[in-house]
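> Dropping the structure in here first, questions after.
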Amino acid sequence: MERTLVLLKPDCVQRRLMGRILSRFEEKGFNVIAMKMMQVTPDLAKQHYAEHVEKPFYPGLEEFITGAPVLAMVLEGLDVIQVVRDMLGATSGLKAAAGTIRGDFSSSRQMNLVHASDGPDAAARETDLYFSPDEICSYEPTLTPWMKAGDE
């Protein structure tokens with residue numbers, strides 16, 4: 001099973017879309033194995049977005065991500081990293097396809113509701129930033145045999 005970090009960003013929280021977006025991940029069959037609402041600090045933002053800290057847009061990004069709480073979660077499932085990114089759609093809500101989360105709920109590049117790790121290394125690094133190992137509760141739902149073949 002693969003894992004990924006997902007953040008429901010401050011705009012998602014403020015717009016009260018958390019339940020609607022979380023339900024899409026659950027309906028897809030992913031397990032939520034860790035979740036907490038938290039305030040991203042400037043220090044955590046710098047760690048999370050380390051590759052962007054020196055870029056001219058970073059101050060606005062930090063102001064945005066620290067401006068209100070986020071809902072941080074770890075999802076687990078088959079090919080979860082790529083499938084979640086496909087479910088989100090293009091970074092800009094204006095360019096995201098209808099049916100994707102950003103295509104349905106966002107009309108901005110920065111206010112794009114959700115962050116998801118872009119690969120296995122990023123998923124591991126980002127998960128470690130937001131969760132300690134004892135906060136991760138992996139489990140096997142009883143309905144798994146009805147959602148995927150035994151050899152998947």
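The values are calculated or read from the model by the stated rules, or taken from the named source; none is laboratory data. Note that the structure is predicted; figures quoted are calculated from it, not measured. No Cβ is skipped: glycine too gets one built from the backbone with ideal geometry, and neighbour counts run over all protein chains shown.
> Suppose we keep only residues that are aliphatic (A, V, I, L, M) and touching a residue at least 24 places away in the same chain (Cβ under 8 Å) within segment 125-152. Which one would you say is nearest to PRO10 (Cα to Cα)?
For segment 125-152, the residue satisfying everything is LEU129.
> Given the criteria crowded, with 20+ Cβ neighbours inside 10 Å, under 25 Å from TRP146 (Cα atoms) and in contact with an Asp or Glu (Cβ under 7 Å, 6 or more places away or on another chain), does VAL84 qualify?
No, not satisfied.
> Still on this structure, please answer the following. Being touching a helix residue (DSSP H, G or I) at 6+ places or on another chain (Cβ under 8 Å) and either more than 17 Å from ARG20 (Cα to Cα) or part of a helix (DSSP H, G or I) (or both) is the filter here; which residues of segment 109-129 pass it?
Within segment 109-129, GLN110, SER117, ASP118, GLY119, PRO120, ALA123, GLU126, LEU129 meet the criteria.
> If you don't mind, another one. Considering (1) within 17 Å of TYR130 (Cβ to Cβ); (2) not in a helix (DSSP H, G or I), say which one LYS46 fails and leave the rest.
(2) is the only condition that LYS46 fails.
> Condition test on ALA97, is it out of contact with any strand residue (DSSP E or B) (no Cβ under 7 Å at 6 or more places or on another chain), modelled with pLDDT of 95 or more, closer than 16 Å to ILE33 by Cβ and of a type in the set (A, V, I, L, M)? Full working, then the answer.
Working: out of contact with any strand residue (DSSP E or B) (no Cβ under 7 Å at 6 or more places or on another chain): yes; modelled with pLDDT of 95 or more: yes; closer than 16 Å to ILE33 by Cβ: no; of a type in the set (A, V, I, L, M): yes.
No; evaluated as a whole, the condition is false for this residue.
> On the given criteria, is GLU54 under 24 Å from TRP146 (Cα atoms) and surrounded by fewer than 17 Cβ atoms within 10 Å (Cβ to Cβ)?
It is false that GLU54 is under 24 Å from TRP146 (Cα atoms) and surrounded by fewer than 17 Cβ atoms within 10 Å (Cβ to Cβ).
> If you don't mind, another one. Would you confirm, using the coordinates I've provided, whether PHE64 is over 24 Å from GLU2 (Cβ atoms) and either out of contact with any Asp or Glu (no Cβ under 7 Å at 6 or more places or on another chain) or of a type outside the set (Asp, Glu) (or both)? Step through it out loud before you land on a result.
Numbers: over 24 Å from GLU2 (Cβ atoms): yes; either out of contact with any Asp or Glu (no Cβ under 7 Å at 6 or more places or on another chain) or of a type outside the set (Asp, Glu) (or both): yes.
When the stated conditions are applied, PHE64 passes them.
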